[in-house]
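Below: one structure, written as structure tokens.
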Amino acid sequence: MNTRYITLFLLAAGLQLNAQDWSITPEEKEMKMTISFDEANQTAGKGVYDKFCKVCHAEATSIAANDRKLPLAPNLGAKDIQARSNDGEMFAKLSKGKGGMPPFGAVLSDEDRWKVISYIRSLDPAYVPSTASGDVSAAAEKFEGTIKAITISYDTAQKQMIAQLTAVDLAGNPTFAKNVKIDFLVKRSFGMLPIAQGVKTNDKGQAILTDANFKADTSGFVTVVAQTSDKAVSVEAQLQTRKAWIYHNPLDKRELWGTSANTPLWLLITYVTVVLGVLATIGWTILQLFRIWMLRER
């Protein structure tokens, strides 16, 4: 069969599965969040989302409308997507799955699923939290304004990486960007290595990463990237964090993977002893066979 028709058939089948009803009951729609709507649960929910949901839904971002090409994996942070469902409905959909989406009720605990909902809801500034226990922690005041730039510095004495945000408020006046989440990454040979995510800025607009003792290159520098969690603003800088890393050639001393001249003595003696023992055993066996043959000739 022509591959084009196969592709169209699979696409049509996927769209048909997606068009099926979620079969959400009225009781499920009325479910309330059973955990506190606070930053700790939202951060934990993002970790679960990144592990199980991000592969299909990509990064959830707060935008006006869903921007995915296919309806199979919408942007869950989009306002039009969030407006379609309440908390209970979201929880039921996550639990039951549909089409290509597996039922995560069999994979994640109730608490983890509610944490994912908590994270997704945190992307909507208009969301009003409501929990079954009424335990709703006061959300931190979100920064209202525009972040212009980020600069990175390193405190050698305290071993702290500091990202300083430059921002203006809604009126265009310079201000401190408080409660903004910053992600820190270190550039390595094969990509970016995440070091810390969601480090919030303080009253001075600084996100401080403590115990930032990274392995430097041979010049003593580390390439660091600091970016807002939504990746809207980022900066890359080379910082001297410690003494230069000195490369030691492993072949300069006796190692297991060294050349014959650098093989550890104990390994060399063991190898020679085993080889001589094997050769002696083979020689003794041949001698005995020869003696048996001689006896037979007599």
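The values are calculated or read from the model by the stated rules, or taken from the named source; none is laboratory data. All figures in this text were calculated on a predicted structure; none of them were measured in a lab. All Cβ positions, glycine included, derive from the backbone under ideal geometry; neighbour counts span all protein chains shown. Note: areas computed on protein heavy atoms with side chains; ligands, DNA, RNA excluded. Shrake-Rupley method; radii C 1.70, N 1.55, O 1.52, S 1.80 Å.
Is it the case that some residue within region 44-55 is farther than 12 Å from Leu123 by Cα and either touching a Gly at 6+ places or on another chain (Cβ under 9 Å) or modelled with pLDDT under 85 (or both)?
Taking every residue of region 44-55 in turn, none turns out to be farther than 12 Å from Leu123 by Cα and either touching a Gly at 6+ places or on another chain (Cβ under 9 Å) or modelled with pLDDT under 85 (or both).
Before we move on, is Ile147 hydrophobic (A, V, I, L, M, F, W, C), in a strand (DSSP E or B) and open to solvent by 40 Å² or more (accessible area, probe 1.4 Å)?
On the way: hydrophobic (A, V, I, L, M, F, W, C): yes; in a strand (DSSP E or B): yes; open to solvent by 40 Å² or more (accessible area, probe 1.4 Å): no.
Criteria not met by Ile147.
Out of all the residues in region 90-111, which are open to solvent by 50 Å² or more (accessible area, probe 1.4 Å), in contact (Cβ under 8 Å) with a residue 40 or more places away in the chain and assigned to a helix (DSSP H, G or I)?
Within region 90-111, Lys96, Asp110, Glu111 qualify.
Determine the pairs where a residue that is within 11 Å of Ala163 (Cα to Cα), located within region 211-240, has a partner that is in a loop (DSSP other than H, G, I, E, B) with Cβ atoms under 8 Å apart, the partner being 6 or more residues away or on another chain.
Val224/Phe214; Gln227/Val233; Thr228/Val180
Return the residues of region 151-161 that are open to solvent by 30 Å² or more (accessible area, probe 1.4 Å), in contact (Cβ under 8 Å) with a residue 12 or more places away in the chain and assigned to a strand (DSSP E or B); say none if nothing qualifies.
Listed by number, the residues that qualify are Thr151, Ser153, Tyr154, Gln160.
Which condition does Ala78 not pass, out of (1) at pLDDT 85 or above; (2) buried (at least 17 other Cβ atoms within 10 Å of the Cβ); (3) under 30 Å from Glu236 (Cβ atoms), if it passes all the others?
(1)
Look at Leu123 and say whether it is farther than 30 Å from Phe91 by Cβ, surrounded by 19 or more Cβ atoms within 10 Å (Cβ to Cβ) and within 19 Å of the chain's Cα centre (by Cα).
Spelling it out, it is not the case that Leu123 is farther than 30 Å from Phe91 by Cβ, surrounded by 19 or more Cβ atoms within 10 Å (Cβ to Cβ) and within 19 Å of the chain's Cα centre (by Cα).
I need the full set of residues from region 170-189 which are open to solvent by 60 Å² or more (accessible area, probe 1.4 Å) and either of a type in the set (Gly, Ala, Ser) or in contact (Cβ under 8 Å) with a residue 40 or more places away in the chain (or both), in order please.
Correct list: Ala171, Lys181, Lys187, Ser189.
Can you name the number of the only condition in (1) at pLDDT below 80; (2) open to solvent by 100 Å² or more (accessible area, probe 1.4 Å) that Phe290 fails?
Result: Phe290 passes all but (1).
Take the conditions over 22 Å from the mean Cα position of the chain (by Cα) and farther than 17 Å from Trp22 by Cβ and apply them to Lys79. Does it pass?
Values: over 22 Å from the mean Cα position of the chain (by Cα): yes; farther than 17 Å from Trp22 by Cβ: yes.
When the stated conditions are applied, Lys79 passes them.
Going through Ile63, Ile24, Ile35 one at a time, which residue ends up being open to solvent by less than 70 Å² (accessible area, probe 1.4 Å), in contact with a Phe, Trp or Tyr (Cβ under 8 Å, 6 or more places away or on another chain), among the β-branched types (Val, Ile, Thr) and part of a loop (DSSP other than H, G, I, E, B)?
After applying the criteria, what remains is Ile35.
Of all residues in region 193-223, which are in contact with a Leu (Cβ under 6 Å, 6 or more places away or on another chain) and on the phi > 0 side of the Ramachandran plot?
Gly205 - this is the single residue of region 193-223 that is in contact with a Leu (Cβ under 6 Å, 6 or more places away or on another chain) and on the phi > 0 side of the Ramachandran plot.
Hey, could you check region 196-221 for residues that are at pLDDT 85 or above and assigned to a strand (DSSP E or B) and say which is least open to solvent (accessible area, probe 1.4 Å)? First the steps, then the outcome.
Here is the first cut: in region 196-221, the residues at pLDDT 85 or above are 199-209.
If we keep only those that are assigned to a strand (DSSP E or B) as well, we get 199-200, 206-209.
Values: Val199: 27, Lys200: 55, Gln206: 48, Ala207: 0, Ile208: 61, Leu209: 22 Å².
Ranking the candidates gives Ala207 first.
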